[in-house]
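In what follows, a structure is listed as structure tokens, so that the remarks can point back to it.
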Amino acid sequence: MSQKNDDHHHSTALRRVPTPGKATLLAIGKAFPSQLIPQECLVEGYIRDTKCDDPAIKEKLERLCKTTTVKRRFTVLSREILDKYPELATEGSPTIRQRLEIANPAVVDMAADASLACINEWGRPAADITHLVYVSSSEIRLPGGDLHLATRLGLRSDVGRVMLYFLGCYGGVTGLRVAKDIAENNPGSRVLLATSETTILGFRPPSKSRPYDLVGAALFGDGAAAVVVGADPVEGKEEGFMELSYAVQEFLPGTHGVIDGRLSEEGINFRLGRDLPEKIEGNIEEFCRKLMRIGGLGDGVGFNELFWAVHPGGPAILNRLEGKLGLEEGKLDCSRKALMDYGNVSSNTIFYVMEYMREELMKKRNGGEYKESEEEWGLGLAFGPGITFEGVLLRSL
């Protein structure tokens, strides 16, 4: 047997059998704008660009940049854009038109790049995509980015499009839930799910009356992601790597003001309640158990028997979740690595986590650490305005 055939045989032998009719991730891709900002350069650049001369604000931003654990981020905003639109850095300027002039094309550019990378990995022509789910909290126009993206990619004119606008950080997992429903209820369908975000709408000079702006400056980044979702992978043509077994969404009554975003003439203003990590911590265990029960995993299954793909809203949320669920050290490494490498990129970030998780599971398998009974099941989780919890019970193939 040739080395290539031997490798394929070894790979196939260690792959689980897909569940008939279950939505499966068949490929994944990501893309970023060209501007890369190392975290150690962020403070000087932000203070310079916003012409801020308050040493207390600079000191606070320096402190936040360390506590977020982010090491670098990609941004659409550049020196050239600020030279062209200096009003973006001027307090109180009505700049929503200018922001959308920048953001609308930028998010579709990134979504197209991520989608092309994903379709290339998938290995089938773009014309085989039957449905498109497009997620963004960073653009506003009619027709929406879904149509612009479909046109750019050369998708069929009868592709079934769904737009998911302004969901914030949980939008990627909502997209998975919607794509799963489409894939499982339309036999033979192949769903392209694309997410794309930029911080352009929320960029503004610092103000003591808006302390959360500094958290955003220290934490959030720009980028895009894409996955192809379909049931019953075609043998020899497609190779699924993760099944979407069950999906659940839930909101916490009485918490709709904890994450508050308002669109104004100046862009988007965000306010984040200090009690957000505490609210997530107080409700996460029951949410996870509910998702596991729906998926047929009994209460006897421990949290440490699962793999975890959690949206890294920030280190405090990950620390609280880890402590509450009694997770072993390393269980949230993929989330921490995504946060470190890209920042919080809103709806996209869960896919960066899942890509790292795929690499980790493959490494274990190829390194001989893999056992058939271990790490078959996992949870994909994200949290956002509402407070909304989105969860998917995942099965690694």
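The values are calculated or read from the model by the stated rules, or taken from the named source; none is laboratory data. Nothing here was measured: the structure is a model prediction, and the numbers come from that model. Cβ atoms come from the backbone with ideal geometry, glycine included; neighbour counts cover every protein chain shown. Remember, those area values only see protein heavy atoms, side chains included, never the ligands or the DNA or RNA. Shrake-Rupley method; radii C 1.70, N 1.55, O 1.52, S 1.80 Å.
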Taking Glu87 as meeting all but one of (1) buried (at least 16 other Cβ atoms within 10 Å of the Cβ); (2) free of Cβ contacts under 8 Å to residues at least 60 places away in the same chain; (3) touching a Ser or Thr at 6+ places or on another chain (Cβ under 8 Å), write down the number of the exception. (1)
Out of the residues in region 254-267 that are out of contact with any Phe, Trp or Tyr (no Cβ under 9 Å at 6 or more places or on another chain) and over 14 Å from Thr388 (Cα atoms), which is surrounded by the most Cβ atoms within 10 Å (Cβ to Cβ)? Glu266
Quick check, is Ala56 open to solvent by 50 Å² or more (accessible area, probe 1.4 Å), more than 30 Å from Asn185 (Cβ to Cβ), modelled with pLDDT under 95 and among the small types (Gly, Ala, Ser)? yes
Taking region 104-127 only, how many residues are out of contact with any strand residue (DSSP E or B) (no Cβ under 9 Å at 6 or more places or on another chain) and either assigned to a helix (DSSP H, G or I) or in contact (Cβ under 8 Å) with a residue 40 or more places away in the chain (or both)? 3
Residue pairs meeting the criteria (Cβ under 7 Å; at least 6 apart or on separate chains; first over 18 Å from Glu87 (Cβ atoms), in region 43-54; second open to solvent by 30 Å² or more (accessible area, probe 1.4 Å)): Val43/Lys58; Val43/Glu62; Gly45/Ile37; Ile47/Lys58
How many residues does region 329-356 hold that are open to solvent by less than 10 Å² (accessible area, probe 1.4 Å) and either hydroxyl-bearing (Ser, Thr, Tyr) or more than 13 Å from the chain's Cα centre (by Cα) (or both)? 5
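Table: residues versus (1) over 18 Å from Leu167 (Cβ atoms); (2) modelled with pLDDT under 95; (3) touching a helix residue (DSSP H, G or I) at 6+ places or on another chain (Cβ under 7 Å).
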site: Thr90; (1), (2), (3): yes, yes, no
site: Pro94; (1), (2), (3): yes, yes, no
site: Arg97; (1), (2), (3): yes, no, no
site: Ile102; (1), (2), (3): yes, no, yes
site: Gly123; (1), (2), (3): yes, no, no
site: Ala126; (1), (2), (3): yes, no, yes
site: Leu132; (1), (2), (3): no, no, yes
site: Gly144; (1), (2), (3): no, no, no
Can you tell me which residue is modelled with the lowest pLDDT among those in region 317-328 that are open to solvent by less than 50 Å² (accessible area, probe 1.4 Å) and in contact with a Pro (Cβ under 7 Å, 6 or more places away or on another chain)? Ile317
Would you check if Arg152 is farther than 13 Å from Gly230 by Cα, surrounded by fewer than 19 Cβ atoms within 10 Å (Cβ to Cβ) and not aliphatic (A, V, I, L, M)? yes
Within region 223-279, how many residues are polar (S, T, N, Q) and closer than 30 Å to Ile119 by Cα? 2
